[in-house]
Amino acid sequence: MKLRVSLSKLSFILTAVCLLWLKTYIVYKTSFNIEIENVKQEVILFINPLSFLLLVLGAGLFFKTKKRRNRYIVIASFIISFVLFGNVMFYRFFNDFLTWPVLFQTSNMGDLKNSAFELFKISDVLMFADVLFLAWMARRLNSNASASVFNKKERFAYYIAVTAIFVSNLALAESERPELLTRTFDREMLVKNLGTYNYHIYDALLQSKSKAQRAMADSSEFVEIENYLKANQKEPNDELFGIAKGKNVILISLESTQSFVINEKINGKEITPFLNNFLKESYYFDNFYHQTGQGKTSDAEFLVENSLYSLGRGSVFFTHSSNEYNATPEILKQQGYYTAMLHANNKSFWNRDIMYPKLGFDRYFSLSDYEVNSENSIGWGLKDTDFFDQSIEHLKSLPQPFYTKFITLTNHFPFELNEEDKMVDEYDSNSRTLNRYFPTVRYTDEAVKYFITRLKEEGLYDDSIIIMYGDHYGISQNHNVAMSQYLGKEVTPFVSTQLQRVPLIIHIPGGEHKGTIHTAAGQIDLKPTILHLLGIDTKDDVHFGTDLFSEEKMDFVVLRDGSFVTGKYVYTDNKCYDKKTEEEIDVEFCQPYMKKAKQELDYSDKIVYGDLLRFYEGTDYRPEKGMVKE
Ligand code: GP9
Ligand code: MN
C-alpha cells in the first residue's frame, strides 16, 4: 500500500524521466552515428541516460510543495532537452559531441550562425514536444491539490535505486569496454557507454583536472619528455638543409581540402587542375594526414607552427592560449624574419587575436584589413580570389624575408558558391554537402592559381618557398553513403582513416626540387621541415615531428583520435588493417606501434596541459650564437 502511494506521488517525475529517456534513445539512433556491435552494447546504450535523468529530476523530491516540484521538473526537462538539441546540432556539423571547452568558444558563435541555419531542420522543433506536454500536465496536476511531500525514507530509497542503476550501467560498460575512462579522446565510446549526460559531467571533471594539471606540473616532467624527444630525433636531410636559407615563406592553409580530390575528375573535368600541375613542379606528399581534433583549422595551425599535437578536447587556441610556446614564427623572428598572418575573418575567431602574438606573429591581417562586401563574399566571407587579390597588397608592404600564412575560406561547409563561379558540376548523390564540395574545391584551386600568378608578377615567386596543406576533412562520416558512391567502394573504418589524408605541396624555387614522397606523415612534421629548409638547426628544439625529407623519417603518423598509419598498416577503432588488402588483420601486427602512438600523444598533451614549455630553457637561434648549422 505504502509503495503504491509513493509510486503514485512519483508519477510526474517518472513520466518526465521516461519521456526524456525515450527521446534520448531516439536521438542516439537517428542523429548520432554510434556503432553497435552486439546486443550488450545496445542494452548499455538504451539504459545509459536513465541514471542521470533519475538523479536530476529526482531533486524534485526535495521540494516542499507539489507545485514547485512540478515546475522544477518542467524547467529541468527543458534544459536537458536543450543540451540534447545542442549536441544534435553540433554533431550534424562536426560529427562529434560537445565538450565544455568548445561550449565556451563563444566568440566563434556569431560566425557559426550561417552553418547553424543550414543545419537546422523543422522537425527539430519536435525535440521539445515532450516538454510542452509536461508543462500542460503540470498545470492540470497543480489544480488537483492533494498534498504529496516526500519524506526522508522515500528519498533515501529513491536514491539507493538511482545509485544501483548507475553502478550497474558502469559495471556493464566497464566489462564491455575496459579502460573506458582512460581513453578519453574517444568521445563516441564515452557517450555509447556512459550516456550523453553523464559524459558531460565526466567532461566537466576532465576540465577541472586539466586546470589542476598546470598547477601541479614541474620541470622534471619536462626533462623526461625532452630526453624522450632527443632519443628519438632523426637526422635531417643533409642535401636539403639550408636550401631555402633567407627565402620568404608562404604557407597556404587550404580549407577542408582532402587528398581524394587531387588528380581526380568529375564528369570528365579535373577538380584541381592547378594543384595537379603545381605539384609536378614541387614536392608532393600523398600520404600526408591532418591530425586535428575539435579545433579544426586552428588545430592544424597549432600543429604546423609548434610540432605539438592538438588536444583531444576543445581547441588549444582557446583552452591554452596563455601557455608558453616556441613556435616557428617566434624562432624565425630571431633570424630577422618578419612574420604575418592573413585571413579575412573576425580576428577573434578561434581566439586568433590572442594566440597569434603568442606564437610570434608580428601582424595579423584580419577582416578589418580587407574590403568585404556582398559582391565579393559568399558562405563564410570573402571569396578566395578576392582574398588573395587584396592580400598581395598586404604582402608587398612587408619587410623581407617574411614568414606568412594565408587561410582560405570559400571551401568551407556548407560549400556555397555563386553560379558564375562554378567551374565543374556538382556531384549527384543523396548528400548535398558532398555534391557541393566539388565546385568549391575547384573554385579554391583557381584562386590559388591566381595567387601564384600574382606572386610571379610581383617578383616574389622566386624568392619564396610555398607550402600548401589541407587543414582537415571537409566531408565527415555523416556522408559515408554518398562517399561510398563516389569512391565506388564501401567506406570502412580503414577507408575512413585513409580519407583523413590532405594534400601537402612544398615548392622550393629553382626547378629541380620535385617528386612525390609516399612516406606516412602529418601536419606535425612541418615545423622541423621548414626550419631545416631554412638552415636552422633544431637539435635543441622541442618538436614531435620529423623533417619530411630526412632519410631516417619513420613511415608512421599518429592521428588525434589515437588511430595511426604506418607503411603497411592502418590502426583505427582498436582494429588493425592491412594497407594492401584493406582487410582487417590480427591486431598483433599493429601492436609494435601502439605504445609509441599513445606515448607521443600523452607526452604532447602533458606539455600543453602542464604548460611545460615554461620550463624550456630555450635556444638562441640567432646566427652569431652559433645555433645555425652552416
Ligand atoms: C574560420 C576558418 C574556418 O576562420 O578558419 O574554421 P573551421 O571551421 O574550418 O575550423
Ligand atoms: Mn578549416
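Being over 24 Å from Ser168 (Cβ atoms), surrounded by fewer than 18 Cβ atoms within 10 Å (Cβ to Cβ) and modelled with pLDDT of 90 or more is not true of Thr65.
Is it the case that some residue within the range 476-496 is within 16 Å of ligand 1 (Cβ to nearest atom), under 27 Å from the mean Cα position of the chain (by Cα) and at pLDDT 95 or above? Within the range 476-496, not a single residue is within 16 Å of ligand 1 (Cβ to nearest atom), under 27 Å from the mean Cα position of the chain (by Cα) and at pLDDT 95 or above.
Annotation note: of Glu264, Glu281, the sole residue that is assigned by TED's automatic domain parsing to the domain that holds Met483, farther than 26 Å from Val570 by Cβ and either in contact with a strand residue (DSSP E or B) (Cβ under 8 Å, 6 or more places away or on another chain) or more than 16 Å from ligand 1 (Cβ to nearest atom) (or both) is Glu281. Just give me the residues in the range 403-417 being open to solvent by less than 50 Å² (accessible area, probe 1.4 Å) and either closer than 13 Å to Leu382 by Cβ or within 16 Å of ligand 2 (Cβ to nearest atom) (or both), in sequence order. Within the range 403-417, Lys405, Phe406, Ile407, Thr408, Leu409, Thr410, Asn411, His412, Phe413, Pro414, Phe415 qualify. Look at (1) closer than 23 Å to Leu251 by Cα; (2) open to solvent by 10 Å² or more (accessible area, probe 1.4 Å); (3) more than 16 Å from ligand 2 (Cβ to nearest atom) and you find that Asp428 fails only one, number (1). Answer yes or no: is there a residue in the range 333-356 that is over 23 Å from His532 (Cα atoms), at pLDDT 95 or above, aromatic (Phe, Trp, Tyr) and assigned by TED's automatic domain parsing to the domain that holds Tyr450. Within the range 333-356, not a single residue is over 23 Å from His532 (Cα atoms), at pLDDT 95 or above, aromatic (Phe, Trp, Tyr) and assigned by TED's automatic domain parsing to the domain that holds Tyr450. Cβ separations smaller than 7 Å between residues 6+ apart or across chains give no pair from the range 243-258 residues that are at positive phi to residues that are basic (Lys, Arg) and more than 14 Å from ligand 2 (Cβ to nearest atom). Annotation note: Cβ proximity below 7 Å between a residue of the range 190-211 that is farther than 15 Å from Val27 by Cβ and a residue that is among the polar types (S, T, N, Q) and at pLDDT below 85 (sequence gap 6+ or interchain) occurs for Asp203/Thr99; Leu206/Thr184. When Tyr370 is tested against (1) open to solvent by 10 Å² or more (accessible area, probe 1.4 Å); (2) of a type in the set (Phe, Trp, Tyr); (3) in contact (Cβ under 8 Å) with a residue 40 or more places away in the chain, exactly one condition is not met: (3). In the range 220-252, the residue that is nearest to ligand 1 (Cβ to nearest atom) out of those that are open to solvent by less than 10 Å² (accessible area, probe 1.4 Å) and farther than 20 Å from Asp462 by Cα is Ile225. A count restricted to the range 31-56 and to residues that are over 16 Å from Leu190 (Cβ atoms) and not in a helix (DSSP H, G or I) stands at 3. The number of residues in the range 274-293 that are closer than 22 Å to Asp611 by Cα, open to solvent by 10 Å² or more (accessible area, probe 1.4 Å) and in contact with a Gly (Cβ under 8 Å, 6 or more places away or on another chain) comes to 1.
Condition first: under 28 Å from the mean Cα position of the chain (by Cα), of a type in the set (A, V, I, L, M), in a helix (DSSP H, G or I) and at pLDDT 95 or above. Can you find one or more residues in the range 218-234 that meet it? Within the range 218-234, one or more residues are under 28 Å from the mean Cα position of the chain (by Cα), of a type in the set (A, V, I, L, M), in a helix (DSSP H, G or I) and at pLDDT 95 or above. Kindly evaluate Asp540 against the criterion of being at positive phi and either among the basic types (Lys, Arg) or modelled with pLDDT under 95 (or both). Here the answer is no, as Asp540 does not meet what is asked. Can you confirm whether the range 526-540 contains a residue that is open to solvent by 10 Å² or more (accessible area, probe 1.4 Å), of a type outside the set (A, V, I, L, M), touching a Ser or Thr at 6+ places or on another chain (Cβ under 6 Å) and in the same structural domain as Lys247 (by TED's automatic domain parsing)? Among the residues of the range 526-540, at least one is open to solvent by 10 Å² or more (accessible area, probe 1.4 Å), of a type outside the set (A, V, I, L, M), touching a Ser or Thr at 6+ places or on another chain (Cβ under 6 Å) and in the same structural domain as Lys247 (by TED's automatic domain parsing), which makes the answer yes. On inspection, Tyr473 qualifies as buried (at least 19 other Cβ atoms within 10 Å of the Cβ) and among the aromatic types (Phe, Trp, Tyr). Quick one: would you say Asp299 is surrounded by 24 or more Cβ atoms within 10 Å (Cβ to Cβ) and modelled with pLDDT of 95 or more? It is true that Asp299 is surrounded by 24 or more Cβ atoms within 10 Å (Cβ to Cβ) and modelled with pLDDT of 95 or more.
Summed over the range 395-433, the residues that are touching a helix residue (DSSP H, G or I) at 6+ places or on another chain (Cβ under 9 Å), outside any loop (DSSP other than H, G, I, E, B) and closer than 24 Å to Leu531 by Cα give a count of 7.
Counted as qualifying within the range 275-352 are the helices (runs of 4 or more DSSP H) with 3 or more residues that are touching a residue at least 12 places away in the same chain (Cβ under 8 Å) and under 11 Å from the mean Cα position of the chain (by Cα), namely 296-306. Checking each residue in the range 235-274 for being within 16 Å of ligand 2 (Cβ to nearest atom) and assigned to a loop (DSSP other than H, G, I, E, B) picks out Glu255, Ser256, Thr257, Gln258. Among what's in the range 296-318 and is of a type in the set (A, V, I, L, M, F, W, C) and within 16 Å of ligand 2 (Cβ to nearest atom), pick the residue that is farthest from Ala521 (Cα to Cα). Per the stated criteria, the residue is Phe318. Checking Pro414, Pro439 one by one, the residue that is assigned by TED's automatic domain parsing to the domain that holds Leu275 and more than 16 Å from ligand 1 (Cβ to nearest atom) is Pro439 and no other. Of all the numbered requirements in (1) without any contact (Cβ under 8 Å) to a residue 60 or more places away in the chain; (2) basic (Lys, Arg); (3) touching a helix residue (DSSP H, G or I) at 6+ places or on another chain (Cβ under 9 Å), Lys269 misses one, and that requirement is (1). The residues in the range 224-247 that are among the β-branched types (Val, Ile, Thr) and under 27 Å from Ile466 (Cβ atoms) can be counted, and the count is 1.
From the list Ile44, Ile34, the lone residue that is in the same structural domain as Leu61 (by TED's automatic domain parsing), touching a Phe, Trp or Tyr at 6+ places or on another chain (Cβ under 7 Å) and open to solvent by less than 40 Å² (accessible area, probe 1.4 Å) is Ile34. Of all residues in the range 319-347, those satisfying the criterion of being polar (S, T, N, Q) and either within 16 Å of ligand 2 (Cβ to nearest atom) or open to solvent by less than 30 Å² (accessible area, probe 1.4 Å) (or both) are Ser321, Asn323, Asn326, Thr328, Thr339, Asn345, Asn346.
The values are calculated or read from the model by the stated rules, or taken from the named source; none is laboratory data. Here the structure is a predicted model, which is why all the values come from computation and not from measurement. Glycine also receives a Cβ, built like all others from the backbone with ideal geometry; neighbour counts cover every protein chain displayed. Just the protein is used for accessible areas: all its heavy atoms, side chains included, with ligands, DNA and RNA removed. Shrake-Rupley method; radii C 1.70, N 1.55, O 1.52, S 1.80 Å.
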